[in-house]
Amino acid sequence: MEVLSAEVAVIGGGVIGAATAYYLSKEGAEVLLIEAEDLASGASGACDGFLFLQSKKPGPQLDLARESINLFAELEKDLDIDIEFNRCGGLVLAKSTEELKALKSYAKKMKSAGLDVEILNATEVKNTLVGCSDQIVGASHCKDDAQVNPIALTLGLAKKAQDMGTTILKKCRVENIVIANDRVRELKTSLGSVHTRRVVCAAGIGSNQIGKMAIIDVPVMPRKGQIIVTEPVAPMLGKVISDMEYLGMKQNLEEIMPKSEEGRRLGLGFTAEQTKSGNILLGSTREFVGMDTSTTPEAINAIAKNAITYLPKIEDLDVIRSFAGLRPYSPDGLPILGGVKGIKGFYLATGHSGDGICLAPITGKLIAELVLDGETSIDISPFSLSRFK
Amino acid sequence: MKRKYILIDCFQDIPCNPCEEICPHKAIEVGSPITRTPRYYEERCDGCAKCVAVCPGLCIYLVEEEEGSDKMTITLPYEFLPLPRKGELASVLDYNGREVGQGIVKRVKNTKSENGTALISVEVSRAIGLAARNILIRKTDDSEPELVEGERESFTDFQICRCEEVLLSELRTLAKMGIVFAPNLRRFSRVGLGLCQGKACSELMFSELSNITGMTVGELGHPKARPPVRPIKLRELFG
Ligand SMILES: Cc1cc2nc3c(=O)[nH]c(=O)nc-3n(C[C@H](O)[C@H](O)[C@H](O)COP(=O)(O)OP(=O)(O)OC[C@H]3O[C@@H](n4cnc5c(N)ncnc54)[C@H](O)[C@@H]3O)c2cc1C
Ligand code: SF4
Ligand code: SF4
């Protein structure tokens, strides 16, 4: 490869890198997207497509997510690939009166943060989710929760960015970053040098390593999630669905975390969504097992068991597949966004943990603003790297 | 008395049921679980041969026989080029590919609705009829086989993955967009992600892909095989 140059280099061809390249190109920047494997070969190609407002912490994270959902509506029109954006609404199920109590108080917080949530009683849940278990005592419903096809989204963003002038380099790994006089100058890659003064790190679980190249600690570590997939069936779920333990796992709320020893070890929380093609995706686990992406019988069984307790009528569906992905997990579960003190031209867009699909559009938009204008339309200081000091 | 019926050489417990779905008269039943082998009800069958064309395993054959005649007609699925022609003499092969005799090509049907699988009807003697599984047209010279006009075109697109109904042209489009590595191609096109879990289509996908891209199968990379290896009921997963 001859020496390349770019106005902005984006490291990582997952949903975050693709969204960043898209919004940068939209503003006329000359972008080089560098991907070690292929588009969506990381977490973005092995995940669910929940755009789940109810699971976001009321505050800056929820605010970001809401802005992001608005952008999905625009993307749906602008991208040339159908991203299967579906404003289906979402449910959080409670299976005991204690859980329902906790859910009610949580719903209050969400409401005061401006989210349109309602509490459904057992009968109302039954009417919304036909065939669900009698054990369900209530649920919260938010009509603004939605879903998307994460792979189509990643590909759609990358393709459009490419059409607007982004160059995409695949099978190209960033191996070092040359910094001189406190400014990024050059990337060393497996295919050669790239001269650039602006670099966005959107490398998912590879971000920690990218950080090391710039001699900073980016606390992102892989957190595995396993999912099982059923045969395609006629629409039967209608909504994206989770349970209280999922909420507990995501928000680190001790009182609603899984009770069983196995559930805790696997980080089990129930999720179910039906894709446009009719398959039902059942999840999921949250495990710290390094870079291992295997699916395990223990987790698959636990997910199946969990799913049947909520949705007994799916027990006769055939499971045709399982998969696992590695979330780029940050210590507080919130993304790490923005510049880094002492290194001009180096930006982080990573650590999205289990919310990267949902937050991709707004992340891309804000990072593009930051890189090109030096400021963002929404305050991103709550997501800065320096919060971990 | 004319009699029309099918033979089904489907013996493995594979997750597959297009024959059941396509039959307009419910003459084939796979039922549940989908890995059951098909059962056939001759009394309901009208011999339309739709199942012959749809079976991805090419393992259904239509037999037509007439009382008193020492000939019978076998209709078989055929996926090679060039297609045989009406009136041509064909060697008749059995299940193991051994030549068991000769027959005359009586009909060649190749419509779009059959996804590029042609239906060839050969007239054979009763003695070998039920053993016929394929035919071979012996070439008399080495020249390039000449194709009937439109024949190649009708074969330039077909369903490479029947479970997810992915056309070869869709793979070509993705390849043009630069999606060539097998794991990703699978993600984007869904090829190989259906009920048969790639058992039926993987080989075909790889050979077509290396045709399209010029890359070797090794370079294309292998998607990860994930459990379960065949569909299993949710409730059977734990216990
Ligand atoms: C099981 C599971 C379910 C999930 N469900 C949801 C959900 O429902 N909703 C939601 O919003 N989120 C969900 N997520 C989270 C979401 O998938 C991630 O947050 C998101 O995909 C992260 O995107 P990314 O672009 O940061 O990372 P990735 O998609 O992992 O992309 C990073 C890319 O960077 C590349 N890279 C790394 N290092 C280098 C290097 N040195 N040089 C060049 N390239 C490099 C990698 O090859 C990779 O392609 C889920 C995750 C999992 C695992
Ligand atoms: S030949 Fe037609 S009617 Fe008979 S089994 Fe096949 S599809 Fe059904
Ligand atoms: S379509 Fe063919 S392979 Fe599939 S079940 Fe029917 S006979 Fe068997």
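General observations
- The modelled label-to-label distance between A:Ser112 and A:Glu30, using points 7 Å beyond Cα along the C-beta direction, is 5.3 nm.
- Taking amide hydrogens as placed 1.01 Å from N in the peptide plane, the amide H of B:Gly101 sits under 5 Å from those of B:Val92, each at least 5 positions away in sequence or on another chain.
- DSSP-defined antiparallel bridges as percent of all bridges, the protein assembly as shown, nearest 5: 80
- Take each residue in A:152-161, count the other chain C-beta atoms within 10 Å of its C-beta, and the mean is 2.
- Computed E for A:Asp292/A:Met164 - FRET, C-beta separation, R0 51 angstrom, nearest 0.05: 0.85
- Peptides ranked, highest mean first, by Cβ atoms within 10 Å: ranges A:326-337, A:173-184: A:326-337, A:173-184
- Counting only residues at least eight positions apart within a chain, or on another chain, the lysines with an alpha carbon under 23 Å from that of B:Lys106 are B:Lys2, B:Lys4, B:Lys50, B:Lys71, B:Lys86, B:Lys139.
- Fully extended contour minus Cα-Cα distance, from A:Asn127 to A:His195, at 0.36 nm per residue: 18.6 nm
- Debye equation applied to the C-alpha atoms of the stretch B:159-220, log10 I(q)/I(0) at 0.13, 0.28, 0.29 Å⁻¹: -0.26, -1.29, -1.38
- Cα gyration tensor shape of the protein assembly as shown, rounded if a/c is under 1.5, else prolate or oblate by comparing a/b with b/c: oblate
- Each residue, B:Ser32 and B:Glu165, gets one label point 7 Å from its Cα in the Cβ direction; the gap between the two is 2.1 nm.
- log10 of Debye I(q)/I(0), alpha-carbon scatterers only, for the stretch B:2-136 at 0.10, 0.11 Å⁻¹: -0.31, -0.38
- Shielding of A:309-320 by partner chains, average beta-carbon count, 10 Å: 5
- Per residue of peptide A:31-42, the mean number of Cβ atoms on other chains within 10 Å of the residue Cβ is 3.
- Projecting the Cα atoms of B:Ile212, B:Ile179, B:Ser202 onto the charge dipole of the stretch B:159-220, computed from C-beta unit charges around the Cα centre, puts B:Ile179 farthest toward the positive end.
- Set A:Lys108/A:Lys276; A:Lys108/A:Lys305; A:Lys276/A:Lys313; A:Lys126/A:Lys250; A:Lys160/A:Lys365 screened for pairs whose C-alpha atoms are more than 23 Å apart: A:Lys108/A:Lys276; A:Lys108/A:Lys305; A:Lys126/A:Lys250
Just so you know, all these numbers are worked out from the coordinates, no wet-lab data involved. Quick caveat, the model's predicted, so the values are computed rather than measured. Note that each Cβ is placed from the backbone with ideal geometry, even for glycine, and that neighbours are counted across all protein chains shown.
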